[in-house]
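Report on one structure; see the data block that follows.
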Amino acid sequence: LKLNAGSSGSCACITLIVNQQLWVANVGDSRAVMSEDGEPIQLSIDALPDSFLFKNSILKRGGSVDNDRIAGTLAPGRSFGDSRYK
């Protein structure tokens, strides 16, 4: 399988229980959700490029946010494997 740099990318969502505490992390187009009595509870924050937290980080690293996307094309505010955005 041969991939070009424009088609690379990945996402991940991980949960970990340490000393009876739940730790959650997500990157890319992923979200952690659990159910309590049938009701969904969102556990992670969506990494949207237009949100204050992620936009500032993108701009500090020399990136740009256009039309709520990194460089006008990438939708998640953080990801790994997207080699053309390194």
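Data table
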{"read-out": "Only one of S44, S35, S30 that is under 27 Å from L16 (Cβ atoms) and at pLDDT below 85", "value": "S30"}
{"read-out": "Among residues of region 22-53, those that are assigned to a strand (DSSP E or B) and out of contact with any Phe, Trp or Tyr (no Cβ under 7 Å at 6 or more places or on another chain), counted", "value": "13"}
{"read-out": "Qualifying positions in region 17-50 - surrounded by 15 or more Cβ atoms within 10 Å (Cβ to Cβ) and over 12 Å from the mean Cα position of the chain (by Cα)", "value": "V24, L43"}
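The values are calculated or read from the model by the stated rules, or taken from the named source; none is laboratory data. As the structure is a prediction and not an experimental result, all values here were calculated from the model. Here the Cβ is made from the backbone with ideal geometry for all residues, glycine too, and neighbour counts use every protein chain on show.
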